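Undergrad: Here it is, the structure in full.
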Amino acid sequence: MATTTASLTITSSDLVGDALSLSTTNNVYKAGTTTGLEQTTGIASVYLTATTQIDLFNPVRTAAADAGKNSWIYICNNSEDETEYATIKISNQTVGRLYAGDFMWMPWNRSARFVDVSLTPSVATGMRIEYGLFYESLEHLASTDARTFQDE
Amino acid sequence: MATINATMSLSSDIAESAISVSKTMTMTKAGSTTGLDKATGLIRKTFTSTNHVDLLVGAASGGIAEDVTKNKAAKLYIKNVGTDSSEYFIIGMGKASAGASEEGYDQASSTERYCSIGRLYGGDWMLIPWDAEDTNGYGDITVKPSVATTMTAEYMVFFE
């Protein structure tokens, strides 16, 4: 069984009158169990040069076996320009903006509804995004392309 | 201006080559290097029914998110502080049904727009940017406990 651990520390010495310090850590499990997630896309890095809205993660088909299984999403905007941001949407509803250096970590329970997770860069001048999915189950669709390419 | 740092460490032996990610972000106002300087404080809320309800209402007048300016750089932290691995909160976005079932997502109906984000099981936490959209409740953050026995969540919003 794999162990995936996510830890977070939030600190500030001047946000409030007394210093703020919040720390938490947890292992991510399969739904309703203490068995660790066993699959991942790895951490991908892409360089986006258009302001086109793209899907990072797609929904499942109707009645697919992996519907409702547990997944976790990590996304980071590695831009260094503070004016640049990536808009994150789920089901085409805006979750929020990741400005330069911002990251997010959230659960994602995939269903056959339109729960795709998408990203839209604010600029077309190039934005590097890191992202990864840790998941319990992911259906790989059968290939529909049966063509055979022969030597010309 | 305040300085708020969030550091995330992610480690996994899920693959042959171990995954290790460590990121620190300084929470800044939209499009600037000026730090966020407002927060709700860490809120602790107990739920005793499985009703689907609002946790945060975007730009709500008189609500806890009243001062959060939409379309900026707010960050939202939520944690299920329970320890039961079978109990979870469904975190969603949009209109809460206030009843025992989640509202269905209906693109054609501006009054029923809702989508589930994911489940926070005991001990799980999440940190996301929050748009705080106030149009028809599209940006509301909703919660639905899986059981009617006591479940507790903690959450906090950092905003400008």
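Undergrad: Out of everything in the range B:144-160 that is over 27 Å from B:THR34 (Cα atoms) and in a strand (DSSP E or B), what residue ends up being farthest from the chain's Cα centre (by Cα)?
TA: B:MET151
Undergrad: State which residue pairs qualify: first residue without any contact (Cβ under 8 Å) to a residue 40 or more places away in the chain and outside any strand (DSSP E or B) and inside the range A:7-18, second residue loosely packed, with under 13 Cβ neighbours inside 10 Å and not hydrophobic (A, V, I, L, M, F, W, C) in any location, beta carbons under 8 Å apart, and separation of 6 or more residues or different chains.
TA: Between residues of the range A:7-18 that are without any contact (Cβ under 8 Å) to a residue 40 or more places away in the chain and outside any strand (DSSP E or B) and residues that are loosely packed, with under 13 Cβ neighbours inside 10 Å and not hydrophobic (A, V, I, L, M, F, W, C), the close pairs are A:VAL16/B:GLY41.
Undergrad: Now a separate question. State whether one or more residues within the range A:54-63 are more than 13 Å from the chain's Cα centre (by Cα), surrounded by 13 or more Cβ atoms within 10 Å (Cβ to Cβ) and modelled with pLDDT under 75.
TA: So far as the range A:54-63 goes, yes, one or more of its residues are more than 13 Å from the chain's Cα centre (by Cα), surrounded by 13 or more Cβ atoms within 10 Å (Cβ to Cβ) and modelled with pLDDT under 75.
Undergrad: Among the residues of the range B:1-24, which ones are at the interface with another protein chain (Cβ under 7 Å from one of its Cβ atoms) and aliphatic (A, V, I, L, M)?
TA: Hits for the range B:1-24 are B:ALA2, B:ILE4, B:ALA6, B:MET8, B:LEU10, B:ILE14, B:ALA15, B:ILE19, B:VAL21.
Undergrad: Separate question: Restricting to the range A:1-21, what's the tally of residues that are surrounded by 16 or more Cβ atoms within 10 Å (Cβ to Cβ) and more than 7 Å from chain B (Cβ to nearest Cβ)?
TA: 1
Undergrad: Then there is this: Of the residues in the range A:23-53, how many are touching a residue at least 24 places away in the same chain (Cβ under 8 Å) and either in a strand (DSSP E or B) or surrounded by fewer than 18 Cβ atoms within 10 Å (Cβ to Cβ) (or both)?
TA: Residues flagged as touching a residue at least 24 places away in the same chain (Cβ under 8 Å) and either in a strand (DSSP E or B) or surrounded by fewer than 18 Cβ atoms within 10 Å (Cβ to Cβ) (or both) within the range A:23-53 amount to 20.
Undergrad: Within the range B:118-156, how many residues turn out to be over 24 Å from A:SER7 (Cα atoms), within 11 Å of another protein chain (Cβ to nearest Cβ) and among the aliphatic types (A, V, I, L, M)?
TA: Total meeting the criteria: 1.
Undergrad: Something else now. For the structure I just gave you, tell me whether B:ALA98 is more than 17 Å from the chain's Cα centre (by Cα) and modelled with pLDDT of 80 or more.
TA: Criteria met by B:ALA98.
Undergrad: Right, another one. Residues that are modelled with pLDDT of 90 or more, surrounded by 16 or more Cβ atoms within 10 Å (Cβ to Cβ) and in contact with a Gly (Cβ under 8 Å, 6 or more places away or on another chain): does the range A:109-128 have at least one?
TA: For the range A:109-128, residues modelled with pLDDT of 90 or more, surrounded by 16 or more Cβ atoms within 10 Å (Cβ to Cβ) and in contact with a Gly (Cβ under 8 Å, 6 or more places away or on another chain): absent.
Undergrad: Looking at (1) within 7 Å of chain B (Cβ to nearest Cβ); (2) farther than 21 Å from B:ILE91 by Cβ; (3) at pLDDT 95 or above, which is the one condition that is false for A:THR24?
TA: Among (1) within 7 Å of chain B (Cβ to nearest Cβ); (2) farther than 21 Å from B:ILE91 by Cβ; (3) at pLDDT 95 or above, the lone unmet condition for A:THR24 is (2).
The values are calculated or read from the model by the stated rules, or taken from the named source; none is laboratory data. In this text, all values refer to a predicted model and were calculated from it rather than measured experimentally. No Cβ is skipped: glycine too gets one built from the backbone with ideal geometry, and neighbour counts run over all protein chains shown.
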